[in-house]
Structures are given as C-alpha cells and as structure tokens.
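One structure is given here, and the rest of the page talks about it.
The values are calculated or read from the model by the stated rules, or taken from the named source; none is laboratory data. Computed from a predicted model, the values in this text were never measured in an experiment. Glycine gets a Cβ as well: all are built from the backbone with ideal geometry, and neighbour counts include every protein chain shown. Just the protein is used for accessible areas: all its heavy atoms, side chains included, with ligands, DNA and RNA removed. Shrake-Rupley method; radii C 1.70, N 1.55, O 1.52, S 1.80 Å.
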Amino acid sequence: MLKNYFKIGLRSLLRNKFFTAINIFGLTLGMTTCLLIMLYVQNELNYDSFNKKANQIVRVVFRGSIQGEKMKEAMVMPPVAQTFKSEYPEVLEATRLRNYGNPRITYGDKTFKENAFAYADSNFFEVFTLPFLKGNPKTALLEPNTIVISESVAKKYFGNEDPIGKVLLFKDLNTNFKITGVMREMPVNSHFHFDLFASMASFPQSREFSWMTSEYYTYLVLPKGYYYKKLEAKLPADVEKYMGSQLQKAMGMTYAQFRQKGNELGLYLQPLMDIHLHSDLNLELGPVSDIRYVYIFSIVAIFMLLIACINFMNLSTAGASKRAREVGIRKVLGSLNGQLVRQFLLESLLLTFFAFLLSIILVFWTLPFLNKLSGKNLSFNLLSNPWLLPGLLLFALVTGLLAGSYPAFFLSSFKPVTVLKGKLASMGKTVSLRSGLVIFQFFISIVLIIGTIIVHKQLSFIQNEKLGYNKEQVVIVQEAYWLGKNQEAFKQKLLQDPRVVSISSSGYLPAGKTYNNNFMIYADNNSDQLVKTLRYDVDYNYIHTLGMEMADGRNFSKSFGTDSTGIIINEETAKAFGWDKNALGHNLTRPDNDGTKFTYHVIGVVKNFHFKSFHEPISPLVMVLNNNNENLIVKTNTKDMAGLLNTMKKNWNELKGEVPFSYTFLDDRFNNSYQSEQKIGLILSIFAGVTIFVACLGLLGLATFTAEQRTKEIGIRKVLGASITSIVSLLSIDFIKLVFIAFIIATPVAWYMMNKWLQDFAYKTNISAWIFILAALLAITITIITVSFRAIRAAVVNPVNSLRSE
C-alpha cells in the first residue's frame with residue numbers, strides 16, 4: 001500500500017511540474033530561513049551556558065541615581081566579593097575579575113602587545129568552566145605573580161615547548177609572571193574573552209577596603225535552585241553598613257540624609273545567563289545584545305515558514321478541481337477517507353522532504369554569509385550535535401504536516417456524486433480561505449517592509465543628526481603613550497604637515513570605547529546640591545580639534561595660569577545647577593573618598609554634544625585640564641588620507657614606538673556604536689525581501705491557476721474586443737483588493753511595533769505617513785508585476801485556441 005502511495009504521489013507531483021516547482025522552491029526558502037534563524041537564536045540564548053554552574057552564578061552590579069542622573073555599572077567595589085562570602089551562607093563562592101588593558105609582554109627576544117589581559121581571584125576557575133590543558137585550575141592562581149595563558153598565547157610565545165614554569169616579563173608593570181596553567185581557547189559565546197589571567201594577589205589595589213570606587217567584576221555562586229532575589233533583598237543593609245560611613249566621610253552627610261534628597265545607591269544581582277541579552281549596564285566586558293532582537297527574528301522565522309506553508313495550502317486547494325474527479329472515482333471504487341488523507345499527506349511529506357534536502361544544502365551554503373553579517377561563529381555540524389539530526393527530521397515532518405493537513409482533509413472530503421457531475425459545492429468557502437491566507441501573507445510582508453524602512457530611517461537620522469562635534473576626517477592614533485618622551489616630537493612632526501589641522505591628546509572620546517569617570521560635584525559650597533557628572537581629562541586643543549562650540553566663556557588657554565583649577569561644563573550641567581546663562585564664575589567642588597575636597601572655577605560652557613549613544617539623553621559633563629596621553633586626536637583636511645597615514649606610520653617607526661602604529665577613524669568608532677542596529681536593518685531587509693519573494697511565488701501560482709480556470713472567459717472577451725490591458729486588470733484586481741486589505745490590517749500593527757522599538761532611543765526619527773504610503777505602493781506594485789507576468793501570457797493567447805480547448 002505504501003509503495004502504491006509513493007507511486008501515485010510522485011506521478012501527481014511530476015504531472016503538475018509548475019506548481020510542484022513553486023511549492024518546493026517556496027518551502028525551501030521558508031525552511032532555510034527558519035533553520036538559519038534557529039541557529040542564530042540558539043547561539044544567543046546559550047551565551048555562557050558552557051559553564052557547569054551557569055544556572056547558579058550571578059553577577060553583582062551597581063545601580064544608583066543622584067539628582068535624577070542614573071548610574072548603572074557592571075563593576076563593583078573591591079571588598080564586595082569577600083564581604084558577601086563571609087556574611088551570607090548562601091554564597092558558596094565569590095570571585096572577581098579585573099580588566100587591565102593591553103600590556104607589552106617579553107619572553108626572550110620576543111615582545112608582543114596583548115589585548116586581553118585580566119587579574120582574577122584564585123578560585124576563578126572553580127566558578128567558571130574553562131578547561132585546562134596543563135596545570136591545576138584549583139591552584140594555578142594561588143600565589144602572587146602567577147599567570148594562566150590560553151593555548152594560542154602559549155603557541156605564539158613558545159611554539160611546541162612546554163610553557164609551564166616559564167616566566168613572562170610585563171614591561172609596563174615591570175613585573176615577572178610565572179606560567180602555572182594553559183587553558184583551552186575561551187568559547188565564542190562567553191560574555192568575556194581573555195587570553196591571560198594573572199593572580200589577583202599580584203594586584204595590591206584589590207585588597208583596598210573602598211566602597212566608593214568600582215573596578216571589579218564580581219560573581220557569586222548560589223545553591224542549586226536558590227532564587228537570587230532572596231539574597232538581593234538583603235543587600236541594602238550591607239550598602240548602608242559599609243558604604244554609608246565612607247559616603248559620610250566623602251560627602252559630609254549620612255546615608256539617610258543622602259537618600260532623603262532623592263538619591264539612591266545600591267548593589268543588585270544579575271543571573272549569568274541574563275548578561276548577554278538582558279543587560280543595560282555600562283562598562284560591560286564585551287558587546288551585548290538584546291532579547292527583543294531574538295523575539296523579532298524568532299517571529300520572522302515562524303512567519304516565513306508559515307508563508308511557505310500557506311503557499312502550499314493555497315496552490316493545493318486552488319488545484320482541487322484538477323483532482324476532484326480522481327477523488328470521486330477512487331471513492332466509487334472503494335477508497336476510504338482515511339486512505340485518501342494518507343495519500344495526500346504522503347504527497348505533502350514527499351514534497352517537503354525534497355524541499356528539506358535543498359534547504360540543508362542552502363543552509364551550508366549561506367551560513368558563512370550569515371556569520372559575516374551577524375559577527376557570529378555559527379556552525380551546522382550534524383556530527384557534533386547529536387540532537388540536531390533528529391530535530392531536523394522532526395522539523396521537516398512538522399512542516400510537511402502543517403502544509404499538507406488542510407489540503408489532505410479538504411481533497412478527501414469531496415462527495416463522489418457531486419464531483420463526478422463537475423460541481424464542487426465547497427469551493428466558495430475554499431476561495432474565502434485562500435483569500436484570507438493571501439491577506440495573511442501580505443500582512444506579514446507589509447509589516448516587514450514598514451519595519452525595514454523605519455529602521456533605516458532611524459539609522460539615517462543618527463548619521464545626519466548634529467552631534468555637537470565634527471567626526472569627519474579625525475584620526476585617532478591609539479596608545480600614543482608607547483612613544484614615551486618622543487610623543488611631543490611626533491606631534492610636532494605631524495603639525496608641520498599641511499594635511500594636519502590640529503592635534504589633541506586624550507583618552508576621552510565622544511564615540512566608541514573610551515575612558516569613563518563618574519564625577520560627583522556640588523556648587524558654591526552647597527553640598528546639598530550634589531550632581532553626578534562624567535569627567536573628561538583634556539588638553540588645550542581638545543575642543544578646537546573636535547570642532548566643538550562654546551556656548552559661553554572660553555576654552556582652556558596657556559595664557560591663564562589659573563586654568564589648572566578651571567573647569568568647562570556642558571549646557572546640561574549648567575541646567576542641572578539651575579544657572580541657565582549665568583554659569584561663569586561659579587565654583588564646583590569635588591569631594592574625594594578620603595574627605596579632601598577639590599574646588600574648580602567655571603571658565604566656560606561648551607554646547608551640548610553627543611558623547612553617549614543616541615539611546616541615552618545627553619547628561620551633565622565636565623572637562624578639566626589634565627595630562628592624558630592615551631590617544632592622539634588628529635584633525636585632518638586632505639583627500640590623500642592614505643598618504644598621510646603612511647607618513648604617520650613612518651614618523652612613528654622613526655621615533656621607535658614600542659608597539660606597531662595603530663589608528664582608527666572617529667566616524668568609524670561612531671558607526672560601530674550602532675552595529676547592532678545596522679545589522680538588524682540589513683537582516684530585516686534581507687528577510688523582508690525573501691518573505692515578499694515567497695509570497696509572490698504563491699501569487700504567481702494562484703494567478704496561473706486563475707488564468708487557466710478563466711481561459712474560456714478570456715477568449716470570449718478577446719473575441720468581443722477586450723484589450724490586453726483590460727484583461728490584465730481583470731485578473732489583477734482581485735489580488736490588489738486582498739493586498740489592500742492586508743495593508744489596512746498591517747498599518748496599526750507595524751506602527752505599534754516600531755513605535756515600541758523607537759522608544760529605546762532618546763533621540764529618534766518620527767514615523768511619517770509617507771512610510772505607510774510607500775509600503776502600500778511597494779506591495780501593490782509587486783503584486784501587479786507578479787500577477788501581470790502570468791496575466792499577460794493568458795491575454796496574448798489566440799482566442800481561437802482558447803475556445804477550441806474548451
């Protein structure tokens with residue numbers, strides 16, 4: 001019986017080659033898209049899951065608010081880990097991580113600059129699952145000046161030699177570290193990535209008992225099944241107990257008085273598995289994503305598959321009349337409904353199986369492109385994932401049943417007496433169902449079109465909005481401090497080049513990764529009016545080099561010896577103190593942790609500029625005159641940028657910079673800040689295009705079927721003088737009506753969804769009416785082109801042939 005089902009199924013599919021091809025192609029695209037998105041979503045949801053204790057680990061984070069200015073940081077104070085371990089029995093382990101920049105490391109005659117170095121507590125490898133190739137993870141970081149390196153670092157420095165016991169010289173720290181362990185490469189889906197972990201015992205500042213400085217990423221291990229919120233509820237007592245006394249010493253007020261003024265400081269817990277998708281904190285160890293994008297892509301995957309299945313249903317039910325007599329004859333000959341259902345389901349599964357095989361090939365072919373697009377390292381390895389093959393087969397089975405169930409039951413329900421007379425009593429209901437499915441397809445397509453347009457409009461808004469500084473043709477010479485005493489000579493050589501306009505020296509940049517210092521100040525000896533700001537350490541040329549404008553007062557100047565205690569504020573700081581246009585001459589005082597105070601006098605107000613993401617509003621900021629030679633900021637004016645960069649590199653090498661010359665462009669740093677939005681825009685564009693294409697395949701099939709059904713009508717109309725245009729319009733108008741209905745339904749849904757997305761931006765574009773009009777025109781134009789492709793072929797057929805065929 002099964003063999004017979006297969007024979008009949010193959011004959012039926014081959015007999016209707018055009019519809020079979022459309023169904024296979026549509027299902028292939030739908031399944032490929034769904035599989036690719038499933039790989040992406042799985043990767044996003046599994047961040048940090050490689051740790052055996054992943055569900056027990058939480059990170060301690062800091063949140064606060066001072067006069068409405070919020071603080072949210074992933075780092076906390078040095079004593080938090082040990083304090084929590086000793087005071088709370090539910091804390092099984094507590095460990096810390098301290099990021100420490102890019103050291104120069106020497107072994108023998110080899111010197112390298114490393115980009116992923118951190119200090120870690122001795123129990124770090126008992127909390128995180130980072131397998132060792134050599135050494136003992138429990139004891140590797142017990143002693144001072146010990147270090148664990150990754151497999152790649154070991155290979156780079158020692159080749160095939162055993163690195164255990166060998167000593168690396170950290171030139172910047174003037175310290176030797178003995179290698180006590182070699183670990184495997186860190187998994188890609190980890191929220192931090194380091195190649196070298198030195199013992200925290202080597203870092204004296206880690207033993208400070210300051211609750212006013214936060215530079216340590218702190219993780220706790222809780223008992224299995226323990227709800228972390230129970231511990232979090234106990235933390236405010238410790239904050240008041242330990243931070244309160246130090247706050248009073250620094251600010252001159254008790255913790256209770258501090259809170260009475262509407263301020264808040266607190267420690268909170270964040271599950272390890274939430275960091276990648278649910279974190280909104282500053283100073284993360286790596287780029288994080290957003291759970292909303294996982295939801296968006298998951299919905300797109302489901303809808304894409306549904307649209308492909310809808311095509312199958314539409315074409316199968318539309319072609320019912322072709323198989324009606326077959327069903328009637330088979331029923332007369334004794335076939336039962338169940339046998340017919342199994343026959344049609346098998347045909348559906350057979351077609352789905354072909355599409356599934358093609359989709360597997362397409363996934364392998366397109367996965368490198370998706371990895372490049374998303375910045376991921378997704379793999380589709382059937383051997384390494386034992387669940388993958390059964391999961392894929394189940395996926396294909398469910399897809400086949402989803403696509404084929406309704407057509408199978410519909411076709412098997414025909415009454416033999418009715419169909420053998422040439423009538424299909426239920427076709428009216430079926431036409432309504434097909435119309436509803438077409439509306440659903442284009443509802444999804446139009447929502448995606450509108451979403452794509454709005455995402456690109458917001459990205460364009462970000463690119464074109466006035467930033468308050470000039471990011472064009474600004475070169476950032478990174479880590480200029482490696483020049484040492486030769487830095488000034490390097491600057492002077494550059495200034496002699498006519499292509500260079502101005503140079504500033506600072507590690508504080510308004511775009512990309514930058515230094516970040518919280519700066520608590522109050523005005524005119526009124527400690528009750530405490531304002532939280534960010535501080536930029538700048539030189540005399542900073543404001544000029546970046547093209548910022550002064551709203552009032554003046555820039556720092558060597559002509560004024562008192563500018564060492566001068567301060568420049570932005571307009572938002574003046575607003576926070578209620579000074580409006582009268583900020584000049586006021587004093588600002590910064591209390592230090594030990595109770596000492598530093599007073600500055602306001603010499604200027606710089607116009608607000610965007611130094612944060614467009615997701616956040618511009619906040620108070622101050623600039624102080626301070627020597628910071630982390631980077632050189634070089635403003636240029638040239639079309640020969642490549643030549644200028646070669647000159648910079650030559651000058652750098654002549655002055656014997658201890659590391660290779662490296663640079664970035666300020667506009668690139670700015671653009672990279674919105675990489676996730678750019679990727680979302682591009683991926684949405686691709687998926688919107690694929691979705692529309694699959695929907696158009698369905699329309700093409702339905703238009704072909706409609707034209708075949710109305711062959712006699714078209715022939716009569718042509719004989720009576722109908723033009724090709726009128727016939728094309730006749731066949732197109734019904735589909736255009738369906739698309740218009742889909743547009744009416746999609747408009748409020750798309751507006752709501754995209755309005756919610758834009759609310760995440762403090763500075764955003766508006767959702768204009770033209771976006772919806774454009775989406776409607778695009779959908780209707782696509783529909784007309786698709787339907788016309790088949791309608792024109794039907795309209796140009798000789799009416800004699802059409803009427804003879806009847």
> Considering only DSSP states other than H, G, I, E and B, which trypsin sites (Lys or Arg not before Pro) in the stretch 16-92 qualify as loop sites with at most 15 other Cβ atoms within 10 Å?
Replying inline: Lys52
>> Starting from the 7 Å offset along Cα-to-Cβ, what nm value, one decimal, do you get for the label separation of Lys575 and Ala21?
In response: 6.2 nm
> Can you run phi through the Karplus equation (6.51, -1.76, 1.60; θ = phi - 60°) for the stretch 288-304 and list ³J(HN,Hα) in whole Hz, with x for Gly and Pro?
Replying inline: 10, 10, 9, 4, 5, 5, 4, 4, 4, 5, 5, 5, 4, 4, 5, 5, 4
> When we measure straight from the Cα of Lys249, which aspartates and glutamates land under 15 angstrom away, once same-chain ones fewer than 8 places off are left out?
Replying inline: Glu240, Asp528, Asp592, Asp594
>> With the crude spin-label approximation of a point 7 Å out along Cα→Cβ, what separation in nm comes out for Lys156 versus Gln42?
In response: 3.2 nm
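To the nearest 20 debye, what charge dipole does the stretch 522-627 have about its Cα centre, counting +1 at the Cβ of each Lys and Arg and -1 at the Cβ of each Asp and Glu? List each step's numbers first, then the result.
Values: 10 positive and 13 negative charges, 20 e Å.
For the stretch 522-627, the charge dipole is close to 100 debye.
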> Given a 1.4 Å probe and every protein chain left where it sits, what share in percent of the accessible area of the stretch 56-203 is carbon and sulfur?
Replying inline: 47 percent
>> Could you derive backbone 3J(HN,Hα) for the stretch 759-765 from the dihedral phi with the Karplus parameters 6.51, -1.76 and 1.60 (θ = phi - 60°), listing whole Hz in sequence and x where the residue is Gly or Pro?
In response: 5, 6, 9, 6, 10, 8, 6
> Give or take rounding to whole Å, what are the principal axis extents of the alpha carbon atoms in the stretch 16-65, in descending order?
Replying inline: 65, 33, 9
>> Using DSSP to call loops (not H, G, I, E or B), can you name the chymotrypsin sites (Phe, Trp or Tyr not before Pro) in the stretch 180-230 whose Cβ has at most 11 other Cβ atoms within 10 angstrom?
In response: Phe209, Tyr227
> Heavy-atom accessible area of Met75 with all protein chains present, probe 1.4 Å, nearest 10 Å²?
Replying inline: 30 Å²
> For the stretch 577-684, with only Lys/Arg (+1) and Asp/Glu (-1) charged at the beta-carbon, what is the dipole magnitude about the Cα centre, in debye rounded to 20?
Replying inline: 240 debye
> Taking θ as phi - 60°, what are the ³J(HN,Hα) couplings along the stretch 54-60 by the Karplus curve (6.51, -1.76, 1.60), each to the nearest whole Hz, with x for Gly and Pro?
Replying inline: 3, 7, 9, 8, 10, 9, 8
>> I'd like the FRET efficiency for Thr725 and Asn371, computed as 1/(1 + (r/R0)^6) with the beta carbon distance as r and R0 of 56 Å, rounded to 0.05.
In response: 0.70
> Within the stretch 446-516, which GluC sites (Glu not before Pro) sit in a loop by DSSP and count at most 13 neighbouring Cβ atoms inside 10 Å?
Replying inline: Glu465, Glu472
> Say the cut-off is 24 Å between C-alpha atoms; which of Lys466/Lys513; Lys113/Lys679; Lys72/Lys224 go over it?
Replying inline: Lys113/Lys679; Lys72/Lys224
